[in-house]
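Accompanying notes for the structure given below.
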Amino acid sequence: MLYSLIRPALFRLDAESAHGLALKSLKLAGTTRAPASPAALSTRVAGIRFPNPVGMAAGFDKDGEVPDALLGLGFGFAEVGSITPLPQSGNPKPRLFRLVEDRAVINRMGFNNRGAQVALQGLAARKDRPGVVGINIGANKDAADRIADYATMARLMAPLATYLAVNISSPNTPGLRALQDESALTGLLDAVLEARGEVCGEGGPPVFLKVAPDLEPADIDAIARIAVEKRLGALIVSNTTISRPALNSAHRGETGGLSGAPLRDLAQQRLRDFRKATGGAVPLVGVGGIATAEDAWARIRAGASLVQVYSAMVYEGPGIARAICKGLEALMKRDGFASIAEAVGTE
């Protein structure tokens, strides 16, 4: 109710300024104890116990400044980043747009962040705190060797991460999505896994891979096969889309990645595609267009072990994680499931 009252004032700010204000507010609020989740919502993925399956997607907390504050809002996990080795200003502003009529967002941020060394300071300070915090890693736009950038980030961040998320699916860094090609992806994952092993030995965090929704069937099959061969912890399906369904907002012609409600059906189908392609051998994280418990439940029934939100919080407010968790508990009881894990892939 409070958010519904202040949202009109927030929406009078441009989207990036409002995002900055949200981060400042979470910093000022400080770290609060994460609310207890019902035992039925707890699930284990890639050897990690998640208190509930609803996470904050990468992109909100790019520099790893407020992961514990996000957990305090009721998220079962928080994914920070994308973080690159060197500071990066990103693309020229304006680069973030609310499509209010469509309950959507278009961004062309371009991996803007303050770089690995700044992020390391904050993440190292919270190392012994409880809570699942994934670290999403990327490459600098002008890197001569992007695979080397990912390896560098894996060495730096693996000791501090509950899991590492390899982001090769942002549409806003030219050429980045080419790393989803079979040969490039194999080389990239080999480099990341080797770098993780150098600093963590056999006990390093699992590696998740974030993929785009704009993939051909052959790409899906190749990525699925590699994910199984490399024993990845999970596939995150999916990032924003460069496709454009029918939209109503005046910002519909902006370039960049589209997220929010218009992405829901495409992301849901890609999740089904990866579930089929992997045969359920690799856990899936569903993301894209999830705004309600019903959306999250549909993604879980389609094969997601975990779900993530981000754009929906712009419209629903900071209580979204608690609301989805409450709704999931009711939907599980309605459909006769005792746990989230039981419901995965039962569509």
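The values are calculated or read from the model by the stated rules, or taken from the named source; none is laboratory data. What you see is a predicted model; the values in this text were computed from it and never measured. All Cβ positions, even for glycine, are placed from backbone atoms using ideal geometry, and neighbour counts span all protein chains on display.
Computed values, structure above
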{"read-out": "Extreme residue, surrounded by the fewest Cβ atoms within 10 Å (Cβ to Cβ), among residues of region 251-269 that are in a helix (DSSP H, G or I) and not small (G, A, S)", "value": "D265"}
{"read-out": "Residue under evaluation L215, criteria (1) part of a loop (DSSP other than H, G, I, E, B); (2) within 22 Å of F337 (Cβ to Cβ); (3) not charged (D, E, K, R), criterion not met", "value": "(2)"}
{"read-out": "Subset of region 30-49 [within 15 Å of D61 (Cα to Cα) and surrounded by 12 or more Cβ atoms within 10 Å (Cβ to Cβ)]", "value": "T31"}
{"read-out": "Residue within region 273-286 that is touching a Leu at 6+ places or on another chain (Cβ under 7 Å), closer than 22 Å to T43 by Cβ, of a type outside the set (G, A, S) and in a helix (DSSP H, G or I) present", "value": "yes"}
{"read-out": "Which numbered condition R301 fails, given (1) surrounded by 20 or more Cβ atoms within 10 Å (Cβ to Cβ); (2) in contact with a Ser or Thr (Cβ under 7 Å, 6 or more places away or on another chain); (3) not small (G, A, S)", "value": "(1)"}
{"read-out": "Meets criteria (β-branched (V, I, T), touching a residue at least 24 places away in the same chain (Cβ under 8 Å), touching an Asp or Glu at 6+ places or on another chain (Cβ under 6 Å) and under 30 Å from A261 (Cα atoms)) for V80", "value": "yes"}
{"read-out": "Whichever residue in region 236-250 is not in a loop (DSSP other than H, G, I, E, B) and not polar (S, T, N, Q) and, among such residues, is farthest from the chain's Cα centre (by Cα)", "value": "V237"}
{"read-out": "The listed residue being small (G, A, S), surrounded by 20 or more Cβ atoms within 10 Å (Cβ to Cβ) and modelled with pLDDT of 95 or more, out of A69, A18", "value": "A69"}
{"read-out": "Among residues of region 129-180, those that are touching a helix residue (DSSP H, G or I) at 6+ places or on another chain (Cβ under 8 Å) and of a type in the set (D, E, K, R), counted", "value": "3"}
{"read-out": "Test for P35: is it part of a loop (DSSP other than H, G, I, E, B) and closer than 20 Å to P171 by Cα", "value": "no"}
{"read-out": "Single residue of G59, G74 found to be outside any helix (DSSP H, G or I) and within 29 Å of D142 (Cβ to Cβ)", "value": "G59"}
{"read-out": "Residue in region 152-165 that is among the aromatic types (F, W, Y), at pLDDT 95 or above and over 26 Å from G256 (Cβ atoms) present", "value": "yes"}
